[in-house]
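The values are calculated or read from the model by the stated rules, or taken from the named source; none is laboratory data. On a predicted model such as this, the values are computed, not experimentally measured, just so you know. Here the Cβ positions follow ideal geometry from the backbone for every residue, glycine too, while neighbour counts run over all protein chains shown. Heavy atoms of the whole protein, side chains included, go into the accessibility calculation; ligands, DNA and RNA do not. Shrake-Rupley method; radii C 1.70, N 1.55, O 1.52, S 1.80 Å.
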Amino acid sequence: QVQLVESGGGLVQAGGSLRLSCATSRRTFSTYAMGWFRQPPGKEREFVAAISWSGGSTDYADSVKGRFTISRDNTKNTVYLQMNSLKPEDTAVYYCAADPGLKSNVVAGRVSYWGQGTQVTVSS
């Protein structure tokens, strides 16, 4: 079992920035593809970003390209989501995701492990 613990959510004004973190104690973290998803109020969960096990390849949803950056530090077993130029429509619960397979699995939502979620609220 892989436990994922998100942090860094909160309330921010439009145009501001937040950095989400997702930590795990799993020693095989460095072999897992990781990602972020979000669930806006009243909507289904949607893909945001994914990163390969090495960090050498990333994917983003069109709605966040150029504003969000996913990265990872395998020495700290942590993945990050830097969110800049935030908009009210970015308001959602953000979930960390992990899968021992390819990054494409994460992009497709075929995820083995989920975090508990962290709330991000962007005020206008």
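Here are the numbers for the structure shown:
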item: Single residue of LYS43, LYS76, LYS65 found to be under 14 Å from VAL5 (Cα atoms) and exposed (fewer than 14 other Cβ atoms within 10 Å of the Cβ); result: LYS76
item: First in segment 35-47 and over 15 Å from THR91 (Cβ atoms), second anywhere and open to solvent by less than 70 Å² (accessible area, probe 1.4 Å) and in a loop (DSSP other than H, G, I, E, B), Cβ under 8 Å, 6 or more apart; result: GLY35/VAL111; PHE47/ALA61; PHE47/GLY109
item: Hits in segment 1-44 - residues which are within 14 Å of the chain's Cα centre (by Cα) and of a type in the set (D, E, K, R); result: GLU6, ARG19, ARG38
item: Scan of segment 46-57 for residues that are among the polar types (S, T, N, Q) and surrounded by 14 or more Cβ atoms within 10 Å (Cβ to Cβ), ordered by number; result: SER52
item: Flag for LEU81 being of a type outside the set (S, T, N, Q), touching a Lys or Arg at 6+ places or on another chain (Cβ under 8 Å), open to solvent by less than 60 Å² (accessible area, probe 1.4 Å) and more than 22 Å from GLN1 (Cβ to Cβ); result: yes
item: Residue match in segment 110-120 (condition: among the small types (Gly, Ala, Ser) and open to solvent by 50 Å² or more (accessible area, probe 1.4 Å)); result: yes
item: Any chance SER54 is farther than 12 Å from VAL120 by Cβ and either at pLDDT 95 or above or more than 11 Å from the chain's Cα centre (by Cα) (or both); result: yes
item: Residues of segment 1-40 satisfying the condition of being open to solvent by 30 Å² or more (accessible area, probe 1.4 Å) and either of a type in the set (Asp, Glu) or closer than 16 Å to VAL106 by Cα (or both); result: SER30, THR31, GLN39
item: Count of segment 1-57 residues which are in contact with a helix residue (DSSP H, G or I) (Cβ under 7 Å, 6 or more places away or on another chain) and not hydrophobic (A, V, I, L, M, F, W, C); result: 3
